[in-house]
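Below is one structure, written out as structure tokens; comments come after it.
The values are calculated or read from the model by the stated rules, or taken from the named source; none is laboratory data. Computed from a predicted model, the values in this text were never measured in an experiment. Don't worry about glycine lacking a Cβ; one is built from the backbone with ideal geometry, like all the others, and counts go over all protein chains shown. Please note that ligands, DNA and RNA were not included when accessible areas were found on the heavy atoms of the full protein model with its side chains. Shrake-Rupley method; radii C 1.70, N 1.55, O 1.52, S 1.80 Å.
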Amino acid sequence: QVQLVESGGGLVEAGGSLRLSCAASGRTISNYNVGWFRQAPGKEREFVAASRWRGGNTYYADSVKGRFTISRDNAKNTVYLQMNSLKPEDTAVYYCAASQRWPTMNEYEYNYWGQGTQVTVSS
């Protein structure tokens, strides 16, 4: 079992930055691929970014490419999502999740989920 806890959300103005953290406990996160997803009010949950457990591979949704960066510190059992140049349409609850599948943007292939952290971007 892997327990995931997100933090770092908040209210920020458009153009600003936030860094989300996803702290893992239970099993080491270094053996899992980790993804970030988000869900805006009235919308389905969507893929944002993913990091492979080895090799440093990452990939991003087109909507965040060039603005968001996913990284991981396996020694701290933590994965980060650095979000720059935020837009009002980035407003959502952000979730991290762990999977042993790669590559995947399919939320149903992620086995473990955090409870989410709210990100609100004002215009």
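Give me the accessible area per residue for the chain, probe 1.4 Å, as a whole number in Å².
Details: 6300 Å² over 123 residues.
For the chain, the solvent-accessible area averages 51 Å² per residue.
Net charge in the neighbourhood of TYR95 (other residues with Cβ under 11 Å of its Cβ; Lys, Arg +1, Asp, Glu -1) is -1. In the context of the full protein assembly, MET83 retains an accessible surface of approximately 0 Å², using a probe radius of 1.4 Å and ignoring ligands and nucleic acids.
Surface composition of the chain: carbon and sulfur atoms hold 44% of the protein heavy-atom accessible area at a 1.4 Å probe.
Look at the alpha carbon pairs under 8 Å that are at least 6 residues apart: their mean separation over the length of the stretch 37-117 gives a relative contact order of 27 percent. Amide hydrogen proximity for GLY10: with H placed 1.01 Å from N in the peptide plane, the residues at 5 or more positions away or on another chain lying under 5 Å are VAL119, THR120.
Counting every alpha-carbon pair across the chain, the share separated by more than 17 Å comes to 50%. Note on the chain: with charges restricted to the Cβ of Lys and Arg (+1) and Asp and Glu (-1), its dipole about the Cα centre is near 380 debye.
What's the local net charge at SER123, with K and R +1, D and E -1, over the other residues with C-beta under 13 Å away?
Values: positive: LYS87; negative: GLU13, GLU89, ASP90.
Surrounding charge for SER123 is -2.
Taking a straight Cα-Cα cut-off under 20 Å and skipping sequence neighbours fewer than 8 places away in the same chain, the lysines within cross-link reach of LYS43 are LYS87.
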